[in-house]
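Undergrad: Below: one structure in structure tokens.
No value in this document is a laboratory result; all are computed from the given coordinates. Bear in mind that the values here come from a model prediction, so they are computed numbers and not experimental data. Positions of Cβ are generated from backbone atoms using ideal geometry, with glycine treated the same way; all protein chains shown enter the neighbour counts.
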Amino acid sequence: MRCISRHDGIERAGGARDLDLAITINAFNTERYVSPSVSSRFESDYINQTMLRALCLMAAALAGTQAAEVGKPHSTVITLTASTFDEHINDPANGLWLLKFYAPWCGHCKKLEPVLDQVAPFLAGKMAIGKVDCTVEKGLCKKFEVRGYPTLKYYRDTEFHDYPSGRDKDSIITFGEKMSGAAIQVVSTYDNAKSVLLDRFPVAFLVYDPETTNTEESSIDASGGTDEEKEMMKYIQATERTQVFGQVARRWQAQGSFGLLSPTTSSEDVAKFFAGSDVTQPKAFIARIENSVPIKVYNGEMTSDSVSEFVQANNLPIVVDLGGHNFRFAGRKGKPLAIGVYDPKDEAKTAKFREELKEYAIGGAHKEDYVFGTMDGTKWEKFLGQFAITKKNLPELFVLDVPGRSYWQNSTYSGISNFIKAIKDGDIESQQQKPREKNPFEEFIDTFTKYLPWSLLGLLAMIGGTFALFLPSGNTVVRPPPPPMVPDIKEIRAADEAAKKEQ
């Protein structure tokens, strides 16, 4: 008898699996009939087997760990516990981690599990993937302020950040490949910057310094990088501005796209970045760029912390398409969300509504007071219902203060400017968001995990008591079946002789 963890019918070397444990027990084989001399031993073995099954279940529930080798890139999802967490994430062989904090009963967590299992081999050596069961590792989840499941974070260079991308296979693989590559790309023209930097990200950050040079000999020339990598490193180290930008790009690589405009770029091309903007073009600059949105230049101190604040405050599109992958991130920007809810089937109204919202986000009277976003009214209908948003009134704007759990909604106001002005004037009052009601199963799970391990011991006692009801009592003797009837030999001979006489 043994405890075996299984998933998709494939067993890893050493019998360990990097997935939620499913316990399979090799049943004790017995004949249908046993003799009285072995009946008591059978009962004892049966009880021992039941107890071992219970112990296996307890071990799976309380431990859930996986023997994963430190020092080698991981190609499977690694189960992390309080005792193994620090050792794994600080492993030099796995410098970048994507971490999933989850609960076993969570439906969205279950849907994400096979996705992570499939992408883990593709990202081996680039990004390791780990998971933490919050029903078991409560201390870890409290430390990282996990308030919903699943919560995804990434770790690199001793820092933890919220995961900002999609939860499908392509998005996760793209994220891992981007984060394992260079943080800055060198671009040489206006069109080149737009096509390269804004290819996969709606927002990019750009540094330009005409005093940048890559002609001096340095230790970079002796490095093992490519010519393009050596050129980029020389540019980054050339001036204080580019050095600070390089540090910030490395730190916030996941939050956007970062580029260095070559000092050989023509003045005409540099001027194109400022077309349609009321900003005076400086000689050297760090700036935010987005398609069809005026450039935004950084004017603060040239320090890593100050530039990081600029990037954090401006790393979302002027109007962001909100979903499960970025809602929490957008809601923690320190500003309320101004959410435009649209009907995807009504393309004409949706296009006009999006344009009006974008115009206000660029030049509206209170543009700096909100993070502007849009949300699919069909896909997120259940979530939006708690704010009195209905399909018949779409498109509609409402304002949500995520940390304060309050919102402003009134479908009688038409127009973005009128609605926001009504809020500012106090004509639309805030309402308190009601907490989501948990279903009975979630209530049971919460209670069960709250009182671990006593709740688990109680459950095992109930299971043991149920088995005991079906076991034979101590005075019961299990007897073998009666032997088959065998005819007497004398009777057979007499019958043969009688048959011969008749012939």
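Undergrad: Check whether at least one residue in region 269-283 is in contact (Cβ under 8 Å) with a residue 40 or more places away in the chain and not in a helix (DSSP H, G or I), and report yes or no.
TA: yes
Undergrad: Something else now. For region 100-137, give me the residue count where each residue is farther than 17 Å from R167 by Cα and without any contact (Cβ under 8 Å) to a residue 40 or more places away in the chain.
TA: 1
Undergrad: Can you tell me which residue is surrounded by the most Cβ atoms within 10 Å (Cβ to Cβ) among those in region 160-192 that are farther than 27 Å from I295 by Cβ and among the aromatic types (F, W, Y)?
TA: Applying the filter and picking the extreme gives Y163.
Undergrad: Find the residue count for region 86-103, including only residues that are farther than 25 Å from K178 by Cβ and surrounded by fewer than 17 Cβ atoms within 10 Å (Cβ to Cβ).
TA: Number satisfying all stated conditions: 2.
Undergrad: Next up: Which condition does N315 not pass, out of (1) outside any loop (DSSP other than H, G, I, E, B); (2) under 18 Å from G256 (Cβ atoms); (3) in contact (Cβ under 8 Å) with a residue 24 or more places away in the chain, if it passes all the others?
TA: (1)
Undergrad: Next question. Would you mind finding the one in F101, F85 that is aromatic (F, W, Y) and out of contact with any Phe, Trp or Tyr (no Cβ under 7 Å at 6 or more places or on another chain)?
TA: F85
Undergrad: Please verify whether R354 is over 24 Å from K434 (Cβ atoms), surrounded by fewer than 21 Cβ atoms within 10 Å (Cβ to Cβ) and within 29 Å of the chain's Cα centre (by Cα), treating the condition exactly as stated.
TA: yes
Undergrad: Mind listing whichever residues of region 110-159 are among the acidic types (D, E) and surrounded by fewer than 17 Cβ atoms within 10 Å (Cβ to Cβ)?
TA: D117, E145, D157, E159
Undergrad: So, in region 394-408, how many residues would count as being buried (at least 18 other Cβ atoms within 10 Å of the Cβ) and assigned to a loop (DSSP other than H, G, I, E, B)?
TA: Going through region 394-408 one residue at a time, the tally reaches 3.
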